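Here the structure comes first, spelled out in structure tokens, and everything after it is commentary.
Just so you know, all these numbers are worked out from the coordinates, no wet-lab data involved. Predicted, not measured: the structure shown is a model, and the values here were computed from it. FYI the Cβ positions are ideal-geometry reconstructions off the backbone, even for glycines, and counts take in every protein chain you see.
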Amino acid sequence: MRVLVGFDGSDTSRRALVHAAELVGRGGCLDVINVIGSQPVSARVGSLVDGERHQQRRVLHEARTLLGEREVRMNPHRAIGDPTSEIRAAALE
């Protein structure tokens, strides 16, 4: 069973992550995605502010730590764009 969890560091996403960890159990693995929201049409992916990328790394590190406490492995997914579209695309991979 593959489980994908969207994680942005909010309390709601933490609860969802912990619940998913309980579903897969100790020794299980979760796919965790964090999406940097869409940029203005004129912006390019390469022009993302370093702060947004740093925030994404920090959020995914937090998810890895929460899962590590429960002995659950994590496959991180980093995405940029519309969160709904990116999460759906990751789910279909």
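Quick check: the angle from helix 83-92's long axis to the longest principal axis of the chain, C-alpha only, nearest 10 degrees?
Approximately 50 degrees, to the nearest 10.
Please give the length that would be gained between Arg14 and Asp31 if that part of the chain were fully extended, namely 0.36 nm times their separation in residues minus their C-alpha to C-alpha distance (nm, one decimal).
Length difference between fully extended and current span is 4.7 nm.
Using 0.36 nm per residue of separation minus the Cα-Cα distance, give me the extension gain between Ile80 and Val3 in nm, one decimal.
Roughly 25.7 nm would be gained on extension.
By how many degrees, 0 to 90 and rounded to 10, does the Cα axis of helix 11-24 deviate from the longest principal axis of the chain?
That works out to roughly 50 degrees.
Whole Å is fine, so just give me how far the alpha carbon centre of segment 68-93 lies from that of segment 1-42.
A separation of 6 Å, based on Cα centres.
Note the angle between two axes, namely the Cα long axis of helix 50-69 and the longest principal axis of the Cα atoms of the chain, as a number of degrees from 0 to 90, rounded to the nearest 10.
0 degrees
If you place +1 on the Cβ of every Lys and Arg, -1 on the Cβ of every Asp and Glu, and leave all else neutral, what size is the dipole of the chain about its Cα centre, to the nearest 20 Debye?
160 debye
Please name whichever of Gly37, His19, Pro83 sits farthest to the positive end of the charge dipole of the chain, dipole taken about the Cα centre and charges placed at Cβ: Lys and Arg +1, Asp and Glu -1.
Comparing the listed Cα positions along the dipole, His19 ranks first.
Using Cα pairs under 8 angstrom and six or more residues apart, how large is the relative contact order of the chain, in percent?
Value for the chain: 38 percent.
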